[in-house]
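One structure is given below, encoded as C-alpha cells.
The values are calculated or read from the model by the stated rules, or taken from the named source; none is laboratory data. Every value quoted in this text rests on a predicted model; they were computed, and no experiment measured them. We place every Cβ from the backbone using ideal geometry, glycine too, and count neighbours over all the protein chains shown. Calculation scope for accessible area: heavy atoms of the full protein, side chains included, ligands and nucleic acids excluded. Shrake-Rupley method; radii C 1.70, N 1.55, O 1.52, S 1.80 Å.
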Amino acid sequence: MFLKSLSPKHLVRLRKTITFRLILWYSAFFILSTSFLFLLAYFLLSSSVRRKNREETHQKLSEYAAQYQAGGIEALKNEVGLEGRSAREDPFVRLVGPQNTMLFLNAPAHWKDFDLTQLDGNSRNTSEELVYLQTRDRKRALEIESTVLSDGSVLQVGQSTEEQEALLETFREVFAGFMIPAIILGIGGGSFLAYRALRPVRSLIQTIRSVSRGRMDARVPTSQSRDELDELVTLFNSMLEKIETLINGMHGSLDAVAHDLRTPLARLRGTAEMALRSEQSKDTSREALADCVEEADRILTMLNTLMDISEAETGAMKLHLDEINISDLIRDTVELYEHVAEDKKVSLHASSPHDVFLTADANRMRQVMANLVDNAVKYTPGGGRIELRAFQQDHQGVITVKDTGIGIAQEEIPKIWNRLYRGDQSRSQRGLGLGLSLVKAVVQAHNGRIEVSSDPGVGSLFTLYLPTIVESHILPSKLTNLS
C-alpha cells in the first residue's frame, strides 16, 4: 500500500537515496550470507550422511565376507537371517560365483523396482568399488559395494539411499521455509540499521534547513557515540557556533557604530554648517576645518578599533606570530609613555627577566600594553606610581600593570570590558571606551586571559596570562630595571 501510494517520481527519488541503497546492500548481504551458510550446512550434512552409510555398508560387507570364508554359504545365510530379524529391513546381500552364476540373493520385497540385472555386468569390478542402481522412475538409488572372495566369488552388499534422501529433503524444506522470514528479517534489519545509522545525517539536514530559515541558534543533536558521524556533527556544530559568533559580532559592531557615530557626525556637521554660514575670517574657517579633521580622525580611530575588536573576538584577526622578548616589550612601552608620565609627575617603573619569550604578534601586544599603560597614566594623579612587572609562572608569561590611581568600583569591574563603556569617574577624561575591550579581545586571541583587581582610591592591578612560553638557553635570568 505504501509503495502504491508513491508516485513514480517519488520512487525514482527513493531509489537514489543512501537509505535505500544501505537497505538493499544489507538485505542482499544478509540473504546471501544466510543462503551460503545453509548451503554449507547442507553440503556438510550430505557428506556426513553418505560417509556414514558407506562405512556401515563396508562394515557389513567385511562381516559377511568373514562368515562366508569361515562357514560357506550356510554361514552367510544364517548371518543374513539374524541381521534381517534384528534390523528394520532385510539387508541386500548377493553372492555371485566365478561363472557369474547366482549363488545367493537376499533383497527386501520393495526393492523389486531396482533392475538387479545391471549388477551382472559389474560383478567383476575391482574390489570394494561402489555401484549405484536407480529405480526405473529414478526417484530412489541403491548403493552397492562388492568384494572378491578367495574362491573367486563376488560378494555384494548394499543399502537404499531413501532415508538419506528423506533427511536431505527435510533439510531443503526447512531451508525453503526459513528463507521467507530470512528475507523479511534482512529487509527489516537493513531498514532499522540504515535509519539508525543515518539519523545524524537527517538531523544535519534539518538543522541546515533551520539555519537557512534564519535560526542561527539551531544545533545538531549529538549522540555521544564518538564515531565518524558524531565527529562530523561536533565539527558542524562548532562551525555553526563560529558563524553565529561572527554574525553576532557584526551585528554588535554595526549597532555600536550606528549608536556612537551620531555624536561625532553631528559635531562634524554642526562645525561645517557654522563655518559655511558665518562670514568670519580665514583663520576661523581654518580652525573649523581643523575641528572637522579632528572629528574625522576620531571617527576613523573608533571604526578601526571596533573592527579590530570584532575580528579578535570572532577569531578572524590575522596574527603574525613571532618569538618576542617580554623585556623588550615592556621597555618599548615604558619609552613610549615615560615623557607623558613625567608631565603628570607620575613615576613609571618596570622590571622583567631577559630570558622569558612569548610566541605572539608583536604589534598587537604593543597595542595591549599601550592601552593598559595609557589608562594607568590617565587615571593616576600626580605623585602616583605605575609599576610594570613580568615573570614566568607555570609555563605562562605573566605581565602586571599596577597603578595607584583612582581605582574602579567593584560593581563596574565586569562592565569595563564592554565596548564603549565608560565609568562615572572616567567621563572626565577624553577617550572612546574601547581600550579595555580591545585589550581583552587581543589577549584572548592569543589564547591568554586578563584579570583585574581594584579598590577605589587605592589603585588597580591588571594581570595578563599568556601561554606558549619559550625559555631561551641563556644564563640565569637577570631583572632589568627600566625606571
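The residues of region 178-193 that are of a type outside the set (F, W, Y) and free of Cβ contacts under 8 Å to residues at least 40 places away in the same chain, listed by number, are I180, P181, I184, G188.
Scan region 222-235 for residues that are more than 19 Å from T19 (Cα to Cα) and at pLDDT 80 or above and the total you get is 3. One residue stands out in region 131-162 among those that are modelled with pLDDT under 80 and open to solvent by 60 Å² or more (accessible area, probe 1.4 Å): the one that is farthest from L40 (Cα to Cα), namely R136.
May I ask you to list the residues in region 207-219 that are open to solvent by less than 70 Å² (accessible area, probe 1.4 Å), free of Cβ contacts under 8 Å to residues at least 24 places away in the same chain and either within 23 Å of L229 (Cα to Cα) or in a helix (DSSP H, G or I) (or both)? Across region 207-219, the qualifying residues are S210, A218, R219. For region 110-123, indicate whether the set of residues that are under 60 Å from the mean Cα position of the chain (by Cα), closer than 30 Å to F171 by Cβ and either modelled with pLDDT under 75 or open to solvent by 90 Å² or more (accessible area, probe 1.4 Å) (or both) is non-empty. Within region 110-123, none of the residues are under 60 Å from the mean Cα position of the chain (by Cα), closer than 30 Å to F171 by Cβ and either modelled with pLDDT under 75 or open to solvent by 90 Å² or more (accessible area, probe 1.4 Å) (or both).
Under 8 Å between Cβ atoms, which residue pairs at least 6 apart in sequence (or on different chains) link something in region 261-275 that is surrounded by 13 or more Cβ atoms within 10 Å (Cβ to Cβ) with a partner that is hydroxyl-bearing (S, T, Y)? Cβ pairs passing all conditions: A275/T284; A275/S285. Filtered by the rule that a residue be open to solvent by less than 60 Å² (accessible area, probe 1.4 Å), without any contact (Cβ under 8 Å) to a residue 40 or more places away in the chain and closer than 15 Å to N371 by Cβ, region 324-342 gives a lone residue, D332. Whether a residue is modelled with pLDDT of 80 or more, within 19 Å of I18 (Cα to Cα) and open to solvent by less than 50 Å² (accessible area, probe 1.4 Å) was assessed, and G186 passes this test.
Within region 361-404, the residues that satisfy the criterion of being among the small types (G, A, S), under 25 Å from K318 (Cα atoms) and touching a strand residue (DSSP E or B) at 6+ places or on another chain (Cβ under 6 Å) are A362, G397.
Of the strands (runs of 3 or more DSSP E) lying entirely inside region 352-418, the ones with 3 or more residues being of a type in the set (V, I, T) are found at 396-403.
Tell me yes or no: at least one residue of region 314-323 is surrounded by 19 or more Cβ atoms within 10 Å (Cβ to Cβ) and either part of a helix (DSSP H, G or I) or under 37 Å from the mean Cα position of the chain (by Cα) (or both). Scanning region 314-323 turns up at least one residue that is surrounded by 19 or more Cβ atoms within 10 Å (Cβ to Cβ) and either part of a helix (DSSP H, G or I) or under 37 Å from the mean Cα position of the chain (by Cα) (or both). In region 194-206, the residues that are at pLDDT below 80 form Cβ pairs under 6 Å with partners that are among the β-branched types (V, I, T) and in a helix (DSSP H, G or I), at six or more places apart or across chains, as follows: A194/T19; A194/I23; L198/T19; P200/V233. Candidates are the residues of region 282-301 that are surrounded by fewer than 13 Cβ atoms within 10 Å (Cβ to Cβ) and acidic (D, E); the one that is nearest to A266 (Cα to Cα) is D297. For region 5-35, taking the residues that are assigned to a loop (DSSP other than H, G, I, E, B) and surrounded by 11 or more Cβ atoms within 10 Å (Cβ to Cβ), the one that is modelled with the highest pLDDT is identified as T17. Is it true that R85 is within 55 Å of the chain's Cα centre (by Cα), in a helix (DSSP H, G or I) and among the charged types (D, E, K, R)? Judged against the criteria, R85 is not a match.
Taking every residue in region 441-468 that is in contact (Cβ under 8 Å) with a residue 12 or more places away in the chain and pairing it with any residue that is assigned to a loop (DSSP other than H, G, I, E, B) and of a type in the set (A, V, I, L, M, F, W, C), at least 6 positions away or on another chain, the pairs with Cβ-Cβ distances below 6 Å are A445/M317; S454/I408; P456/A409; S460/I408.
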